[in-house]
Amino acid sequence: MKTAKDCVNENYLSLVSMTAPKTDEKRSLFRAFWVGGAICSVGQGIRLIFSEVLGLSGDELAAYVSVALIFLGSFLTGLGVYDRIGKYAGGGSIVPITGFANSVVSPAMEFKTEGYVYGTAAKMFTVAGPIIVFGVAASVLVGLIYFVIYRVF
Amino acid sequence: MKRTVFFKNAPRIVGVSSVGGPKECAGCIGDRIEIKLSDDKFGEKSFEQAESKILYTAIKNAIHNAGRKEADVDVILAGDLLNQIISATFAARNFSTGYLGLYTACATFTQSILTGGALIDGGYVKNAVCATSSHFSSAERQYRYPLELGSTRPPQAQWTVTGAGALVISNKGKGPKVTGGTIGRVVDYGVTDVNNMGAAMAPAAADTLYTHFIESGKTPENYDMIVTGDLGALGSRLLKDLLWEKGYDVNKNHVDCGEIIYNISEKEFQGGSGAGCSSLVFCAYLYEKLLNKKIDKMLFAATGALLSSVSSGQGESIPAIAHAVSIEA
């Protein structure tokens, strides 16, 4: 049985990498920078409004801002706008919390045709699942390191 | 071992029909498409149902355009890209004719013409329908990400065509002749980038065309047009390089369906892809050229990337195939 390794044709693959169009990195970086920055500025604005108008502070304020941004991300996904922002901005709209909302809502919408249980609910975390798993795993690891250092020193 | 076949009785393509989505209708061959959809769901609840209906409509109209009735058709040979080729089977559910489901990804269309041609040439059936379809939204969710997910597409990506093409081949009647073809073999050069289908499929196309030239004793100059399915701009360039290396120059008469389906301004990077790409372009545009004798001899090789989301997830490279049929006006 041939495996993927046996199929490799070095000459051809180098020809492909020579001829394949490259991603315009400067343009991608610029777009990601300004869109990502804009989303974060909106978040900061919401934070200011919440602290001034509602008089929130600390963890409570952070939670309210996150909820507001997640709502915005989900809402724009529902309207079919967020994927266009994402197509333009790339990482700029994936990294902020609105991108996380988008990655949960988009499969939920997409798989609605397979029913609410086996479609929406089951497929909701197909994209965001790994982020949650590794996020939790990383936080446990960091917590352990923090605990050890705190106890030792 | 010989993979090139010649049809002595030369079955004829007596009628075609094409259905295209909104984006395809805005493209270069848009005004030639018979049924233009303004809604890519075609009034259905899901994209899968829509794709099935698109294929069903194309088959029904092709039979009508060929001046045949459903009862005259012996077999439908159809395929698509979805798991268990559901679009084709659910479209065939509406007909009482025989059905052969085929799959070689985007090469299914020429596979169906080869198989159908062989059945007719051998005298086993009188009329056969060959059809394939694809749908951007149903393919996207099977192979990639949800539609509304905000992600970027790399510059080597292609866009799955929403549409279907169907043709009727018959042992009687008027129309372009299917004179033979070359059965493809699975070729894998180790490309693993699922966004670069053109690069994965170009070696298969080169292999099939090269084999065809060797086994039939013909050269690229014998054909007015050498059509490939959905290599896209990058894949076409690689194909020309690979054939050039073997001593064949197809620069002058090579056309790629994926490359011509969309306007360049639509920014679909390398062009269209999908099982519906070659069938839509052939049925909407190339068939008319053959009928009007603008093209006399054509070699038509649709190309398919035979991956699944499981195989690429397990780190496999992308095997590809191309089947060629020669068609004469």
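Since every read-out is calculated from the coordinates, none of them should be taken as a lab result. Everything quoted here is computed from the prediction, not taken from an experiment. Glycine also receives a Cβ, built like all others from the backbone with ideal geometry; neighbour counts cover every protein chain displayed.
What to note about this one:
- Across the stretch B:255-287, the number of residues qualifying as part of a strand (DSSP E or B) and either crowded, with 24+ Cβ neighbours inside 10 Å or of a type in the set (Gly, Ala, Ser) (or both) comes to 3.
- Some residue of the stretch B:236-243 being among the charged types (D, E, K, R), free of Cβ contacts under 8 Å to residues at least 40 places away in the same chain and surrounded by 24 or more Cβ atoms within 10 Å (Cβ to Cβ): no
- For the stretch A:39-97, the candidate set comprises residues that are without any contact (Cβ under 8 Å) to a residue 12 or more places away in the chain and within 14 Å of another protein chain (Cβ to nearest Cβ); within that set, the residue that is nearest to B:Glu148 (Cα to Cα) is A:Gly80.
- Whichever residue in the stretch A:1-31 is of a type outside the set (D, E, K, R) and more than 21 Å from B:Asn195 (Cα to Cα) and, among such residues, is surrounded by the fewest Cβ atoms within 10 Å (Cβ to Cβ): A:Met1
- Subset of the stretch B:160-182 (residues that are closer than 16 Å to B:Ser279 by Cβ and not small (Gly, Ala, Ser)): B:Thr160, B:Val161, B:Thr162, B:Leu167, B:Val168, B:Ile169, B:Pro176, B:Val178
- When the stretch B:61-103 is filtered for residues that are among the charged types (D, E, K, R) and in contact with a Ser or Thr (Cβ under 8 Å, 6 or more places away or on another chain), the ones remaining, listed by number, are B:Arg68, B:Glu70, B:Asp74, B:Asp80.
- Matching residues, the stretch B:244-254, being surrounded by fewer than 21 Cβ atoms within 10 Å (Cβ to Cβ) and either in contact (Cβ under 8 Å) with a residue 40 or more places away in the chain or on the phi < 0 side of the Ramachandran plot (or both): B:Trp244, B:Glu245, B:Lys246, B:Tyr248, B:Asp249, B:Asn251, B:Lys252, B:Asn253
- Failed item in (1) of a type in the set (Gly, Ala, Ser); (2) away from chain A (no Cβ under 14 Å); (3) more than 30 Å from B:Arg68 (Cα to Cα), with B:Gly150 passing the rest: (2)
- Taken over the stretch A:98-117, the criterion of being among the charged types (D, E, K, R) and at the interface with chain B (Cβ under 7 Å from one of its Cβ atoms) is satisfied by A:Glu110 alone.
- Candidates B:Val186, B:Val227, B:Val250 - the one that is closer than 24 Å to A:Leu15 by Cβ, within 14 Å of chain A (Cβ to nearest Cβ) and either in contact with a His (Cβ under 7 Å, 6 or more places away or on another chain) or of a type in the set (Val, Ile, Thr) (or both): B:Val186
- Residue tally, condition within 17 Å of the chain's Cα centre (by Cα) and among the small types (Gly, Ala, Ser), over the stretch B:106-130: 5
- Being surrounded by fewer than 17 Cβ atoms within 10 Å (Cβ to Cβ), more than 28 Å from A:Ala128 (Cβ to Cβ) and out of contact with any Leu (no Cβ under 6 Å at 6 or more places or on another chain) is a condition met by no residue of the stretch A:67-89.
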